[in-house]
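Inspection log for the structure reproduced underneath, given as structure tokens.
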Amino acid sequence: MKINTILFDLDGTLINTNELIIASFLHTLNKFYPDQYKREHVIPFMGPTLTESFSSVDAEKVDELIAEYRRFNMEMHDEFVEEYETVYETVETLHKKGYKIGIVTTKARNVVEMGLSFSRLKQFFNTVVTIDDVQNAKPHPEPIQLALKKLNAAPEETIMVGDNYHDIEGGKNAGTKTAGVAWSLKGKEFLATYQPDYMLEKMSDILSILGIDE
């Protein structure tokens with residue numbers, strides 16, 4: 001069946017927020033637990049929700065930790081965030097060609113809006129599903145299913161694109177095709193172990209998969 005819908009994760013997939021996320025975790029953890037956490041300790045926190053990550057640190061302080069993380073994250077957002085090669089041009093092409101395109105992210109809507117404004121991508125998306133819109137985060141199928149419903153799209157006509165296993169597993173759980181991105185901070189090899197249908201070396205590779213001339 002022909003693909004007509006593309007769903008994207010945001011952070012680490014469309015925009016490079018990796019250093020912002022790492023800095024936000026390190027700032028927060030070192031404020032509450034000085035000198036206990038280093039970069040390698042927070043890499044595993046990238047992908048799960050903030051609630052999941054901070055619950056593993058201190059279940060009694062989750063709300064406090066999240067509040068401090070978000071304060072720092074929003075304050076420093078534009079200083080850290082960068083664009084990935086070929087993302088803007090690819091999303092623009094998909095939009096022009098009439099594909100249904102959406103975002104499915106575990107981030108809060110206010111932070112997502114900042115990222116979309118910074119990257120100038122907001123104009124191209126038909127729907128954006130955030131953690132605020134669902135009860136369950138990826139890899140649960142609910143967020144992807146909600147995006148499909150909003151787009152009036154069928155899972156078998158959809159590719160879910162992401163940089164983490166939550167995106168690949170979430171897509172599979174929702175019945176979509178899946179694509180990993182080789183620029184994932186956790187590494188192309190790590191992502192490949194979850195057996196996505198496709199692996200993108202750069203975002204414009206998806207145009208070739210779809211049979212679109214760049």
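The residue among 141, 155, 24 whose Cα reaches farthest toward the positive pole of the charge dipole of the chain, with charges on the beta-carbon of Lys, Arg, Asp and Glu, is 155. Between amide H atoms placed 1.01 Å from N, distances below 5 Å from residue 128 occur with 103, all of them 5 or more places distant or on a separate chain.
Annotation for segment 19-66 versus segment 136-187: alpha-carbon center distance of 25 Å.
Ranked from highest to lowest mean number of other Cβ atoms within 10 Å per residue, what is the order of the peptides 54-63, 10-19? List each step's numbers first, then the result.
Details: 54-63: 14.2, 10-19: 22.2.
Order by mean packing, descending: 10-19, 54-63.
The mean of 1/r over all pairs of different alpha-carbon atoms in segment 18-80, once inverted, gives a Kirkwood hydrodynamic radius of 11.6 Å.
Put a dot 7 Å past the Cα of residue 43, heading toward its Cβ, do the same for residue 63, and the two dots end up 3.4 nm apart. Using C-alpha pairs below 8 Å separated by at least 6 residues, the relative contact order for segment 18-80 is 43 percent. When you count the other C-beta atoms within 10 angstrom of each residue and take the mean per peptide, 204-211, 30-37, 1-8, 173-180 line up highest first as 173-180, 1-8, 204-211, 30-37. Rounded to whole numbers, the Karplus 3J(HN,Hα) couplings from phi for segment 49-64 are 5, 4, 4, 4, 5, 6, 5, 6, 8, 7, 4, 7, 10, 4, 4, 5 Hz, using 6.51 cos²θ - 1.76 cosθ + 1.60 with θ = phi - 60°, and x at Gly and Pro. Once Rh for segment 55-207 is found with the Kirkwood sum over Cα pairs, what is the Stokes-Einstein diffusion coefficient at 10 °C and 1.306 mPa s, in µm²/s? After rounding, the answer is 96 µm²/s. Along its first, second and third principal axes, ordered by size, segment 28-126 spans 50, 23, 22 Å in Cα coordinates.
Rule-based calculations on the coordinates, nothing more; no lab input. All values reported here derive from a predicted model rather than from experimental measurement. Methodologically, a virtual Cβ is constructed for each residue, glycine included, from the backbone with ideal geometry; neighbour enumeration extends over all protein chains shown.
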